[in-house]
Every structure is written in C-alpha cells, then in structure tokens.
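Notes to accompany the following structure.
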Amino acid sequence: MANNDLLIKLYEMNFDQLLSSSSLNPDITVRKPIGTDRRLLIEWAEQHYPDVWLSEIETALANRPCSCYIAQQQSTIIGFACYDATALGYFGPLGVTEAAKGQGVGRRLTLGCLREMHLKGYGYAIVGMPSSSDFYRKIAPIIEIPDSDPGLYRMTKTLIKD
C-alpha cells in the first residue's frame, strides 16, 4: 500500500481559531526547546524513536531559529515535532508517547510548527511518508501527492525502520 506524501495548504488555515480551539491538560506545555533541553530531548528520543529521526531532531535543533517544538507534562518530555529537518518545507518527524496520545498533544505540536512555517512565508508544508493521513485531515486542508512513495526518502527508505 502506498504511503504517499501530503501537501498541507498553510494559506487556507486559520491558526488563531485552530490553536484556541485545541485545549490541553493544564499540566502539559508545548514550547520551543532551549539550549539546555537539547541533550534531554535527544536522550528521550533515543529511547522512543528510530535512529533516522534523531538526525532530523538534531538538524531542527541546529536550525536558527530552532525548527522544533516539544511537549512536556510537568518536567517530562512527552512529544516533539520538527520542520525543515528532513528538507526545507517538510514537516516532521512528529512523535508523542503512547500515554499522551489522544490528548491533543500531537495536534498542538503540529499546529505550532505549521503556524511558524506559515509565518516564515511557506504556502505549503510537505508531510513525507505520513503514518496517518487521517490525523492531518482533521487539522488542515491536505492534498495527497500521487506516486510520491518513497519520494525524497527513496535513498534512505531501507534505513527507516518502524
């Protein structure tokens, strides 16, 4: 089954409305990481996600400004999202712990990144190899890009393990 890339139409999104309508548990914070978060985020991600994602997280953290958001519950990282990490204009990777799924954390992380991409002048965001197009359909107007699997990842697809 093809896992085609998606285009998200940033220019059609009402970020103020979307962000105000997505509530989180008050003890969950979504924010940009600061320098002291770098090691914590990398160590946490090593425990939960494939090695390929670590390179993308490191790239996002090195971008200026940083192109990554993290979610914390109290002082524990429970999720992250990046953009401009795989390539310019790409959103992802996005990861949320199993315990935090269904609480709106992934949605809030995604909206933070997409809003920032829109503010930087992007008209579209590309989601490469999405695990669920349904997740993105609930957030934004999307277009599936036909025949785009494996797309940009064609050279590294054998390295990506779920």
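The values are calculated or read from the model by the stated rules, or taken from the named source; none is laboratory data. Only a predicted model underlies this, so the values are computations on that prediction, with no experimental measurement involved. We place every Cβ from the backbone using ideal geometry, glycine too, and count neighbours over all the protein chains shown.
Listed by position, the strands (runs of 3 or more DSSP E) inside segment 54-159 whose residues that are of a type in the set (A, V, I, L, M) number at least 3 are 76-83, 124-127. Looking only at residues of segment 5-43 that are of a type in the set (A, V, I, L, M, F, W, C) and free of Cβ contacts under 8 Å to residues at least 40 places away in the same chain, we find that the one that is farthest from S67 (Cα to Cα) is L40.
Has segment 14-31 got any residue that is closer than 15 Å to G104 by Cα, of a type in the set (D, E, K, R), assigned to a strand (DSSP E or B) and modelled with pLDDT of 85 or more? Yes, segment 14-31 contains a residue that is closer than 15 Å to G104 by Cα, of a type in the set (D, E, K, R), assigned to a strand (DSSP E or B) and modelled with pLDDT of 85 or more.
Looking for something out of contact with any strand residue (DSSP E or B) (no Cβ under 9 Å at 6 or more places or on another chain), surrounded by 17 or more Cβ atoms within 10 Å (Cβ to Cβ), modelled with pLDDT under 90 and not small (G, A, S) - is there at least one such residue anywhere in segment 103-116? No, the conditions are met nowhere in segment 103-116.
Taken residue by residue, segment 87-95 has no member that is within 11 Å of V30 (Cα to Cα), crowded, with 20+ Cβ neighbours inside 10 Å and aliphatic (A, V, I, L, M).
Taken over segment 89-112, the residue count meeting the criterion of being free of Cβ contacts under 8 Å to residues at least 24 places away in the same chain and not charged (D, E, K, R) is 3.
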